[in-house]
């Protein structure tokens, strides 16, 4: 397989993510069309329309790379993958989207040898476009009216001391194990955010740690993981071992996402 440079992916996919986000916002102005999957999680017309846009462009730029996308996977379309594949969550934070909130995102991540190496997260409501351009460079830009209007800014995690941490918790999935973990760390400050935006908050140095013990899927976090890694952070299993992808059913176990800190 010929290796395509990340900048060639980016040249198309930053616009793909924006187009998907604009479609999501347009649907939000009209009929959202909520239905429910077998696991009782909600899906909307926006999830489906955004995924269609993303799949169209991924197949165009890299037809040889398999795609694991949330809505397609929910319908049983799961291709065989090997050492390189895409993970797509076209609308992460569907509950937030339905409720009229702003913390929902478009997510495109590339996995190579079990590690996310390239990723895009777009937040349509705020117009923030986060990108892991490669494994060591993460940026953010502003988007308005479907067009990039802001300069590209490099983002980095902050260096933090263990006795003065700001922790992120999920808006809708804070469980008892997470509470115990944060209590044991003696976290001084807590804030909340929805969807994969939590990874971006840590990547930009506005928080230090995001523990997650509740269930997630690989497409929920791949793009965020890529961005956090590229900004100098990390995602590990709770015991500190590397967090890898292509697990059975693409289902995640617990993980700890963090900036420049040592636990």
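A few remarks follow.
- Proxy reagent accessibility, fewest Cβ within 10 Å first, across 61, 209, 111: 61, 209, 111
- Mean Cα-pair separation over length for the chain, i.e. relative contact order, pairs under 8 Å, 6 or more apart, %: 17
- Taking every alpha-carbon pair within the range 131-263, the share separated by more than 26 Å comes to 20 percent.
- C-alpha long axis of helix 176-185 to longest principal axis of the chain, angle in °: 50
- Within the chain, percent of DSSP bridges classed antiparallel, to nearest 5: 80
- Ranking of 87, 58 by neighbouring Cβ atoms within 10 Å, starting from the fewest: 58, 87.
- Rounded if a/c under 1.5, otherwise prolate or oblate - the range 104-153, Cα gyration tensor axes: oblate
- Summary of packing: across the peptides 218-227, 99-108, the per-residue average of other C-beta atoms within 10 Å ranks them, highest first, as 218-227, 99-108.
- Structural descriptor for the range 162-258: relative contact order 29 percent, calculated from alpha carbon pairs under 8 angstrom and at least 6 residues apart.
- For 98, 149, 27, order by how many other beta-carbon atoms lie within 10 Å, fewest first: 149, 98, 27
- Tilt relative to the chain, helix 6-28 - C-alpha long axis, 0 to 90 degrees, to 10: 80
- The C-alpha atoms of the chain define a longest principal axis, and helix 218-230 lies at about 60 degrees to it.
- Note on the range 61-106: Cα convex hull, mean projected area over all directions, 4.1 nm².
- Three-way shape call for the range 69-184 based on the alpha-carbon gyration tensor, with the a/c threshold at 1.5: rounded
A short reminder: the numbers here are calculations on the coordinates, not readings from a lab. Bear in mind that the values here come from a model prediction, so they are computed numbers and not experimental data. Don't worry about glycine lacking a Cβ; one is built from the backbone with ideal geometry, like all the others, and counts go over all protein chains shown.
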